[in-house]
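**Q** Quick one: the structure is below, and I'll ask about it shortly.
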């Protein structure tokens, strides 16, 4: 079955286990980059940050709603994280707004601002969670209610992403 067919079949509550695994893989990859490469994660507010912390995120997280205009927040993020990640030249930020109407508007605003400043950023986690977890939640803070299901899977995929080599180096699979 082509990969597009697999992705098309994950929608809906009947494939919950498959959807959770796909969401956990995406969360594990971002969690690893956040922890190991200090890639910042931009979320809307404190409850979103707490939900990610409950899923084992320990790296830098930034709040969009801190009483500043979005443009000012984005400029501060570029100053702090740069246009690309200095370690691997990958994205320096992950933008993770809710997948409701307001979150979509905020995501678009952040995207436009970051693109205008030539910042390399990642919004794939939001896209994956939107498809995989829409029946259960439409907001990042809703991940808190799914910790019992998602955390063991995220931990599993995070561990699989690192295989020790003979000389003590690590190889990343994901």
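**Q** Give me the percent relative contact order of the stretch 18-154, please, defined on Cα pairs under 8 angstrom at least 6 residues apart.
**A** Across the stretch 18-154, relative contact order equals 35 percent.
**Q** Moving on. Neighbouring Cβ atoms within 10 Å as the yardstick, rank 159, 79 fewest first.
**A** If I rank by nearby Cβ atoms, fewest first, I get 79, 159.
**Q** Going by average Cβ density within 10 Å per residue, which order do the peptides 83-94, 39-50 take, highest to lowest?
**A** 39-50, 83-94
**Q** Using Cα-only point scatterers and the Debye equation, what is log10 of I(q)/I(0) for the stretch 18-154 at each q in 0.11 Å⁻¹, rounded to two decimals?
**A** So the normalised log intensities work out to -0.35.
**Q** In whole angstrom, note down how far apart the Cα centers of the stretch 106-137 and the stretch 23-46 are.
**A** After rounding, the separation between the Cα centres reads 12 Å.
**Q** Considering Cα pairs under 8 angstrom that are at least six residues apart, work out the relative contact order of the stretch 76-146 and quote it in whole percent.
**A** 35 percent
Bear in mind that the values in this text are calculations on the coordinates, not laboratory data. Just so it is clear, the structure is predicted and the values come from calculations on it, not from any experiment. Methodologically, a virtual Cβ is constructed for each residue, glycine included, from the backbone with ideal geometry; neighbour enumeration extends over all protein chains shown.
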